[in-house]
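The structure appears right after this line, and notes come after that.
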Amino acid sequence: MSLAGRLAHRGKAGAAKTGSRRRHRGADDGVVRETLELSVGRGSGRPAALGDDLAEVDLPRAAELAEALHSLAVLPEAGLSPKRPAVMLDLETTGLLGQVDALVCVVGATWHVAADRMRVEQWSLHRVGSEAALLADVEEVLGELVGPRTAIVTFNGASFDLPLLRRRLVRHGIASPTEQPLAAPHVDLLTPARRLWRDRGPDCRLGTLEMRHLQLHRHDDVGGAEVVELLWRWLEEPDAATIEDLVKVQRHNRIDVLSLAALAETMHGRMQSPIDAIERLRAARHLDRLQRSAQAVALLQPLLVSLADPTRSGSGKGWEVAVEAGLVAAEIDRREGRWPEAARRWAQVCRRVPGHPVAHESLAKHLEHRARVPAEALAVAAASVTPCERRLTRLRRKAEPTPIPPVEEVVATWADPLV
Amino acid sequence: MEAIAEGRDVVLATSTASGKSLCFQVPIIEAVLRDPDARALMLFPTKALGRDQVESMRQLTGSLPRDAAVGVATYDGDTPPSQRRAARARAHAIATNPDMLHRGVLPHHDAWGRVLAGLRYLVLDELHTYRGLFGSHVGNVLRRLWRLCRHYGARPQVIACSATIAEPGALAESLCPWISERGGVTLVDEDTSPCGPRKVMVVNPAVVDEITGVRRDYIKITRGVTSVLRRSGVATLAFCRTRRAVELLTRYLRDDEAAEHSGPRGGARSGDGLQAQQQANSAIRGYRGGYLPDRRREIERALRDGEARVVASTNALELGVDIGGMDAVVLAGYPGTRAATWQRAGRAGRRGKPSLAVMVLSSSPLDQFVGAEPSFLFDRAVEQARVDPLNPEVLLPHIRCAAQELPISQHEVLPGLSAQDTTLALEYLADRGALFHEPGPDGEGCYVVVGGESPAEAIAIRGAIEENFSVLDPAGEVLAQVDYEDGPLYLHPGAIYPIEGRPYEVRELDWEGRKASVRPVSANYYTVAVSKLRVRVVDEVEPGPESGPTHGMGTGYAHVVRTVPGFKKIRLSTHENIGFGPITLPDLELHTTAAYWGLPPKAMAELHEPAERAGAALAAAHAMRFVAAMLLMCDTGDLGHAVTGGHPSAWGIALSGTQAPDALATIEAGGYPHIVLFDRNPGGAGLAVHAFAMGPTLFDRVIATVTGCGCNEGCPTCMGPSTEAAEQYGVGRDAMVVVLRALREAAVVGGASPA
């Protein structure tokens, strides 16, 4: 029996016809691209399409953004262009929570067109079948913009936006599966944000960070799950009524890309002048991971001064932070071969927190192998809360017949070598 | 290998252990060494087979120099996420299964871009398993794969391996229809493997009751035959038709072995006896689905190493599991098809040495038919494996998946479909809101899926998948797995559940948690659950009144319920019934599509005896099911049949060939029997409905098959293999033909004309 005959019979006994659902005609090629420009200063007013949410937020100038990004991620030596340091990028898709099989429906991108002006480019999907056309245009525009000196800036883009975008480009044959489209340095702001603010607020979502650190309060905004729902509603029946749904998502997306720039600037400021000891320690750790150890040590200075003060006791306020700062600085000193400084910091920690396992072990190792004073090393090693038996046995043998000095004395000498 | 080197699509249909695997492994390795971007996808019907192949291929690639590395990986449901990424990114040859391809690969094809773009070979191992409804699904999964290969610019060569079936090339071409556009498939079935002479013996147990014709129990005879081989140290594989038979035979053979080694006086309690029992336990093994993978691997190893001499198995060992060469195969009962017979017999035979296959027949009519005419096994071609990838119930959902994978342009022609059929199917789906048609800027519109749910998740290509039952010992260790449908039959409280011949008693069945707690016992009986089938057709659609009187036939949705009211206890060795127990477990329900035919008045008038009516209707139902399966190119297992008493819209206990006849059902069905054909997969696949639509054509073919059979008064071939009808109701072929002719006439009058 022919397929036609079988389908006809199926119609009789099988599922009933639900009525034709031809699509309404949306935009002619199924993709709409909209551009708006704005000045970075808040006083100069914001385009109406953004709503009022951004009215009180300053955006960085091009050169400021370039500087800010350098303190947030490891970037190529040549540095970012001070004219167009980055393209901030955000995708709205039909996938929930990191699901990478989803239609790309709205793409927002913003970059500097002058030192104090930014352009927001936004693509929206008006027909499911036009995703390829949308992505091809996005790829062409972004491909021209980004490069070795113009980074891509995202929030959680390392695990979501960029892999998804690249996979969709491959899916539609716009990029070949073997090449890496949109090759450019990438700054995922979620990484430094987590380093700085993890556990210091309800969560590390962009909206939360905006409220806590940018004083940006969104009104009538849409949440993640809601975006998916609105987009499907729009794509199922793109007409005058559902376009309201799309407009909400578009506004959300435009605020996202612009607030990325503001967030980068704010994080940079906080890295330079942290608001409290914990943030200072975390910023220093972050800088250390970017291989900026000198900056990290400089940032830790107030905490190190407090650690070096012999009159303070272990139970004082903020001592944990000072101890951690000492260990971070000691680690940097050790890595860079400044052994006396490292030893001084370990000894300072031992003095502040007697028995601290990391500090005792590190100091003992230093005394045994570098300073070669086995009797002192033995005193320090034995006073750890978790002494290592093998080390103790070896040191006892080495120290013979020197008498073992009291640990407080050893620690005091090494903690304050100048006195 | 020459044909493969010439770039042709190849089907290898040679015997087991003839080196089929090398025929695809070597070209893959060669291709990768020439071009490191070359990829191969190897499809195996089960995860276990895929893993075995990866092992064996790694042994081959392991000997390559480091700079010429060829990566081989498994990608199935059990592969951890990190290894999945590595498989996609780095492996050259990837072993997977149709299920994973359908749900894990194709919908996410952008992550597989590198693999698909470089795809040189598509290997389909155990091609013969892709038949019936499952095969039709696989055909459509391959259609989607082919479309995506085209998209990424690859045109892989197909290398298929098949066991002995009729026309394996035709099967390959129906599964991969694009092959025919490339000059067709090259069939390699010349077997040059070093196979020695094979003797085939058919043993028909002696008749013990002249009047009823009952013969000696075939399991006992199988025990005797296998024991002769066991004592002579011949490596033997004993194939049983059921899992229960495997357990019984394992236990019997171990007892025999132990008894011999511990001497005539050695009781099981003596030290001697214990040692002998242990020896017997390692020399004689059982093997079947449901054992945990570790246990199965261990038994396979024991077979290869020669530690296990005799293994009783179900068809689980029929597929290409590597167990090395055996000397003899014993078949407990006719496996049902000639293809399966030769597939199993082919397990015996080492390099050039003679081998033996012994088939022990049961009392069932089909077995007895083979006994009467053993030439049936040799003279006729093996059965054909049929698929119908154009079944709309299968095709349409897969087209939705394809549209989700990539929008389907309105000028696109889907692989294996004509341009006309592609348009037809797309418009059909769009008219019903399953696809959306979107106009394009220059008339180049396309069909898309709108909505967040994944169309692939909605298709179960092997039928419904319900979580299976775990069998737990008192310490909470999992001993075995039991399929959902088999749970009530084997795991009801009080059941004896044997594992490799060792009996465990089920103490508790946690239905919701899908867990059965068992404890080891020493029972001298086994249990058999009794099941009853009830069928009801609802929402029936009879051919309209304009087409005349209908005699209560039509199509509709069927509600099939299997109840398990109780179980019997059967003593080991003597097989006598020693008790009965009740079972209270949920019924298994199946909602599907069905067709039904009431017995026409003419046949009612000719057959006055109610039991004869019931029997004739049941025999006719068997024949209709088998012929319909052949015409619809599905597996006979994809369709079910039953006979209900009275119009099937009322509940009635159904007669069915798979159960012993039920007295009440017989009486009911004798009144006004209705034949019901229903699809066995939940929701239906349009098979029964399609059979009904064939109208008189179907009955013409059934009558031709039945009357054209060379037997005297009806045999299993013409009346269906599991027909209890002839035996239990004394119904001959004549009565069945009366029913079929009357049905044909009714179909003509009823106007269900061939479309």
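Values in this text are rule-based calculations from the coordinates and carry no lab data. Keep in mind it's a predicted model, so treat the numbers as computed, not measured. So basically every Cβ, Gly included, is an ideal-geometry build from the backbone, and we count neighbours across all protein chains shown.
Two numbers describe the Cα atoms of the protein assembly as shown: Rg and Dmax, which are 37.8, 123 Å. In terms of its C-alpha gyration tensor, chain B comes out oblate, because a/c is 1.5 or above while a/b does not outweigh b/c. Both the radius of gyration and Dmax for segment B:469-523 are 9.8, 29 Å, in that order, over alpha-carbon atoms. Two tests apply to each whole DSSP H helix in chain B, Cα reach of 15 Å or more along its axis and mean Kyte-Doolittle hydropathy of at least 0.5, and the ones passing both are B:20-34, B:610-631, B:696-707, B:733-750. Look at A:D90, A:D137 and count the other Cβ atoms within 10 Å of each Cβ; fewest to most, that gives A:D137, A:D90. When we measure straight from the Cα of A:K398, which lysines land under 18 angstrom away, once same-chain ones fewer than 8 places off are left out? Reachable lysines: A:K365.
Taking only Cα atoms and a 10 Å spring cutoff, compute GNM fluctuations for chain A and point out the largest among A:L142, A:L54, A:L196. Comparing A:L142, A:L54, A:L196 in the GNM, the peak value goes to A:L142. Please state the shape class of segment B:2-188: rounded when a/c is under 1.5, otherwise prolate if a/b exceeds b/c and oblate if not, all from the C-alpha gyration tensor. Since a/c stays below 1.5, the shape of segment B:2-188 is classed as rounded. Exposure proxy shown here: for A:W414, A:W232, the number of other Cβ atoms within 10 Å sets the order, fewest to most, as A:W232, A:W414. Charge dipole (Cα centre; +1 on Lys/Arg Cβ, -1 on Asp/Glu Cβ; no other charges) of chain A amounts to roughly 1360 debye.
Think of chain A as a dipole: +1 on every Lys or Arg Cβ, -1 on every Asp or Glu Cβ, centred on the Cα centre; then among A:V305, A:A4, A:T178, A:T178 lies furthest on the positive end. Here r is the Cβ-Cβ distance between B:Q275 and B:R571 and R0 is 35 Å; the resulting FRET efficiency, rounded to 0.05, is 0.80.
How big is D for segment B:198-379, in µm² s⁻¹ as a whole number, if Stokes-Einstein is applied with the Kirkwood radius of its Cα pairs at 10 °C and 1.306 mPa s?
Values: Rh = 16.9 Å.
Answer from the Stokes-Einstein relation: 94 µm²/s.
Divide the volume of the convex hull around the Cα atoms of segment B:72-161 by the residue count and you get 90 Å³ per residue. In straight-distance terms, cross-link reach from B:K199 covers every one of the lysines whose alpha-carbon lies under 28 Å from its own, apart from those fewer than eight places away in the same chain; here that gives B:K20, B:K220, B:K353. Along segment B:102-112 the Karplus relation, 6.51 cos²θ - 1.76 cosθ + 1.60 evaluated at θ = phi - 60°, assigns HN-Hα couplings of 5, 9, x, 9, 4, x, 10, 5, 5, 6, 9 Hz to successive residues, with x for each Gly and Pro.
Please give the charge dipole size of segment B:2-188, origin at the Cα centre, charges +1 on K and R Cβ atoms and -1 on D and E Cβ atoms. Round to the nearest 20 debye. Numbers along the way, then the final one.
Values: 22 positive and 18 negative charges, 125 e Å.
Charge dipole, segment B:2-188, about its Cα centre: 600 debye, nearest 20.
Counting beta carbons within 10 Å around each of A:W123, A:W346, B:W342 and listing the fewest first gives the order B:W342, A:W123, A:W346.
Close amide H pairs (under 5 Å, H built 1.01 Å from N) link B:A238 with B:V311, B:A312, B:S313, B:V330, residues at least 5 positions away or on another chain.
The amide H of B:L119, built 1.01 Å from its N in the peptide plane, has B:R39 as neighbours under 5 Å, considering only residues 5 or more places off or on other chains. Helix-only arithmetic for the protein assembly as shown: the sum of -39500 (n - 2.57) across DSSP H runs with n ≥ 4, divided by the residue total, places the mean residue ellipticity at 222 nm at -12500 deg cm²/dmol.
Selection among B:A619, A:A73, B:A385 by position relative to the dipole of the protein assembly as shown gives A:A73 as farthest towards the positive end (Cβ unit charges, Cα centre).
In segment B:457-536, taking the dipole from charged Cβ atoms about the Cα centre, the farthest positive-side position among B:Y490, B:V518, B:A460 is held by B:Y490.
Close amide H partners of B:Q384, meaning residues 5 or more places away or on another chain with modelled amide H under 5 Å apart, are B:A166. When only the Cβ of Lys, Arg, Asp and Glu is charged (+1, +1, -1, -1), the dipole of the protein assembly as shown relative to its Cα centre reaches about 3440 debye.
Once you sort the root eigenvalues of the Cα gyration tensor of segment A:183-246 as a ≥ b ≥ c, which label holds: rounded (a/c under 1.5), prolate (a/b larger than b/c) or oblate (the other case)? Note, shape of segment A:183-246 comes out prolate. With the biggest extent put first, the Cα atoms of segment B:392-448 measure 33, 22, 20 Å across the principal axes.
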